[in-house]
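What follows is a short report on a single structure.
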Amino acid sequence: MTTVLVVEDEADLRFLARMTLDRAGFDVIEAGTGADAVAVLESSDTADVDVVMLDLRIPPPDGWEVLAWIHETGLNTRMRVVIVSAFVDPGTAARAASMGCRYLAKPFRGDDLVALIRGDDLPGT
Amino acid sequence: MDRDPRFDRTADGRGSDGYLRAIVETSTDAIYRVDLDGRITGWSPAAERLFSYRATEVEGTPSAQLFADEHLDAYEVVIRQAVVGALTTHTHTDIRPRSGPSVPVALAVAAIHDEDRGVVGASVIVRDLTEQREALATLAASETRLRESEALAHVGGWVLDVGTGTVQWSEELHRMHGIDPVDFQGSLEGHLALVHPDDRAGLESAIAMAVDGHGVVDAEYRVVRPDGKLRWLYTRAERAFAAPSVAPGVPLPAHSDGTRAVIGLRGICQDVSERHDAEQAVRDAYERERAAAEGLRAADRLKDEFLATVSHELRTPLTAIMGFAQLIGTGIDRASLPDMVTRIQRNAVEMHGMVERVLDFSRLQAGNVDLRLQTINLHQLVAKTVEGYRAALDEHHIDVSLAEDDTEVLADVDATMHIIGNLLSNAVKFSPAREPITVSTARDRDAGRVTVVDRGPGIPAELKEAVFERFFQGPNQPPGRRGTGVGLAIVRRYAELQGGRAWCETPEGGGTAVMFTLPLARKGGR
């Protein structure tokens, strides 16, 4: 079973992601801040996170800093990161790609989220 | 030329006549002789040239004819004084030559003695003063021109004598300093005393260095006129040297350039106040322009940031609304339905508030606000507005401690509801979940007051004004909802447009109290 760590500070959106991913058959772990996300990833019990769904504007460390930490620790070699953000400028998408991440803009369709978490291409692309 | 034989005789009868004849004939001054009746008895070659009469034409005629009528009296007086008093007399007068205009002359009249007969006549020496007069007139004219040029160019001259420490000014320099010539001390100290205190030391050292080393003063400085007005002067001066060079081996004076003694400085001075004022005006204008451009750029940056923030903030509730609606559409168990609907409602309310804020802000920015002031029961309006928010803000308990009063204010209903809505939205955003939010109304001396208190992190004292500026985002933003940064700016603007004000305080027990006032309606309503 694929385990997804949902990093999102907005409670409603965290709940939305859990509902959507639950129904698609993923295990979901939630983190409301960057610090919570790092704590989850550091803990050996939950070292089997397969995918991180990462919001960018979160209480510190922010999404980019969490991503940098994932690269520093080498965790990126055994998990994928999907950035889901309301920052929709081209620079954000390009930066995500340069860090080896998929990128999904808010608001998103549930199907698109599930596809990217699975590692598929977006439907129709 | 015929010689007057009477010149050949010596008046003193001693026979040394050759010497006198030589003098008379070669003198460039005209010389003639008169008898006791004033008739001409001798006439020198220079007299022929000056008066344009030959000796034969004037001999025996009255010498008075040589003078213009208006000078006759004076002429006769000097002749009489010389003859009667046996004196040599002098006067300045004008002669009348045969042709041409009258000629200014100096006369020297001396009595002629005869051993036997006493005074027998007088000799008259006539010196033509035309050239001297012209030279004086030319000098006077050139001095006038110099003064006029100095005045026109606002340039004056000055001279410093290092030996005595005296300073001489030209007329224009007195004018520049606004000082009457009699009031200037004529010393270097006096010169420097008029310089602005901030510039005095600089000019003094520039002068000292010029005398001893650099050789040139090139300075701009301010002087303070007696009337207190400041003028900017530019001066340039060079060393003046004593004419002869010092012989080798002779010790040089205190000031020298190695071979010549420096006797002082000679300089010009120009009033450059207008140029300075113009330059300052240009600098000021440039600075204003730069500040305005910087202000525009800053406003532009803020606008861009505002648009990006609004875009970002609208996407968050929109994601929730679309996401939950999609979940419901794909079929969920009935038990979850009410919860999802509540979430959609909550996000819709939030989004609506945000859209209202952006529109309010846009209207206020454009000055496009049409307020309809009417008499309103403050308590009722606040209660109604809070009720509208209560459903969407279920995590918070809104404690409305509304004294049941009949305070009536003169206000616009929509604007006041927007104020309260913004304050509630802020309070919800900053208050921890389930902490109470307190709304109260009160009546001040001349205004109705609404206070909204939250139990959030509070506002640092130094930011209590800044939070009312547009686009301001405080340091204690809670996770999730960040807002657009215009809420409190709208609150204050709406309050002020209605004749009230808005501010914030720190209540006892922490958190933030934001209050606004509205003017009381007059008794009996409108």
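Rule-based calculations on the coordinates, nothing more; no lab input. Computed from a prediction, not measured in an experiment: that's the story for all the values here. Ideal geometry is used to build each Cβ from the backbone, glycine not excepted, and the neighbour counts take in all protein chains shown.
Return the long-range amide H neighbours of residue B:196 (sequence gap of 5 or more, or a different chain), with a cut-off of under 5 Å between placed amide H atoms.
Result for residue B:196 returns B:222, B:223, B:224.
Hey, could you get me the Stokes-Einstein D for region A:3-118, Kirkwood radius over alpha-carbon pairs, 10 °C and 1.306 mPa s, rounded to whole µm² s⁻¹?
Details: Rh = 13.9 Å.
Using the Kirkwood radius from Cα pairs, D works out to 115 µm²/s.
Provide B:107, B:72 in ascending order of the number of other Cβ atoms located within 10 Å of each residue's Cβ, fewest first. Intermediate values should be presented prior to the final figure.
Working: B:107 22, B:72 14.
With the fewest neighbours first, B:107, B:72 line up as B:72, B:107.
When a/c is below 1.5 the answer is rounded, else prolate if a/b is larger than b/c, else oblate, so apply that to region B:5-128 with a ≥ b ≥ c taken from the square roots of the Cα gyration tensor eigenvalues. Present the calculation step by step, with values, prior to reporting the outcome.
Numbers: a/c = 1.80, a/b = 1.28, b/c = 1.40.
Oblate, since a/c reaches 1.5 and b/c is not below a/b.
Any chance you could run the full-extension gain for residue A:89 through residue A:77? It's 0.36 nm times the residue separation minus the Cα-Cα distance, nm to one decimal.
Numbers: separation 12, 0.36 × 12 = 4.32 nm, distance 2.73 nm.
Full-extension gain reported as 1.6 nm.
Which whole number gives the average count of other chain Cβ atoms within 10 Å of the Cβ atoms across peptide B:320-328? List each step's numbers first, then the result.
Values: counts 8, 3, 6, 13, 5, 0, 7, 5, 0.
If you average over the peptide's residues, the count of other-chain Cβ atoms is 5.
Taking region B:419-526 on its own, what percent of its Cα-Cα pair distances exceed 22 Å?
On the way: 1686 of 5778 pairs.
The calculated P(r) of region B:419-526 puts 29 percent of pairs beyond 22 Å.
Can you tell me the Rg and Dmax of region B:91-243, counting just the alpha carbons, in angstroms?
25.8, 85
Averaging over all projection directions, find the projected area of the Cα convex hull of region B:338-519 and quote it in nm² with one decimal place. Don't skip to the answer; put the middle values down first.
Details: hull surface 41.0 nm².
Taking a quarter of the hull surface, the average projection is 10.3 nm².
Taking R0 as 25 Å, what FRET efficiency do you get between residue B:204 and residue B:242 from their Cβ-Cβ distance, rounded to the nearest 0.05? Could the numbers behind the result be given before it?
Numbers: r = 24 Å, r/R0 = 0.94.
Using R0 = 25 Å, I get an efficiency of 0.60.
Helix-only mean residue ellipticity at 222 nm, the protein assembly as shown, DSSP H runs n ≥ 4 weighted -39,500 (n - 2.57), per residue, nearest 500. What is it?
Numbers: 18 runs with 268 residues, N = 651.
Calculated at 222 nm, the ellipticity per residue is -13500 deg cm²/dmol.
Note the full-extension length gain between residue B:28 and residue B:189 as 0.36 nm times their separation in residues minus their Cα-Cα distance, in nm to one decimal.
Details: separation 161, 0.36 × 161 = 57.96 nm, distance 5.20 nm.
That works out to 52.8 nm of additional length.
Enumerate the aspartates and glutamates that residue B:464 could reach by cross-link, defined here as Cα to Cα under 19 Å, with residues fewer than 8 away along the same chain left out.
B:454, B:496, B:505, B:508
What spacing in nm lies between the two simple spin-label points modelled at residue B:294 and residue B:106, each 7 Å away from Cα in the Cβ direction?
7.4 nm
Using 7 Å Cα-to-Cβ label points, what is the residue B:359/residue B:94 separation (nm, one decimal)?
Label at residue B:359, label at residue B:94, 10.1 nm between them.
Please arrange B:287, B:57 by counting, for each residue, the other beta carbons lying within 10 Å of its beta carbon, fewest first. Provide the component values of the computation, followed by the final result.
On the way: B:287 10, B:57 14.
Arranged by neighbour count, lowest to highest, B:287, B:57 become B:287, B:57.
In square nanometres, what is the average projected area of the Cα convex hull of chain B? Walk me through the numbers before you get to the answer.
Working: hull surface 224.5 nm².
The directionally averaged projection comes out at 56.1 nm².
Report the residue, chosen from A:38, A:51, A:84, that carries the largest GNM mean-square fluctuation when chain A is represented by alpha-carbon nodes joined by springs under 10 Å.
So, out of A:38, A:51, A:84, the one fluctuating most is A:38.
For the protein assembly as shown, what is the per residue volume of the convex hull drawn over the alpha-carbon atoms, in cubic angstrom? Kindly include the intermediate steps, with their values, before the conclusion.
On the way: hull volume 270.2 nm³, N = 651.
In the protein assembly as shown, the Cα convex hull volume per residue is 415 Å³.
Using 0.36 nm per residue of separation minus the Cα-Cα distance, give me the extension gain between residue B:302 and residue B:472 in nm, one decimal. If you can, show how the numbers build up before the last one.
On the way: separation 170, 0.36 × 170 = 61.20 nm, distance 0.97 nm.
My answer for the length gained is 60.2 nm.
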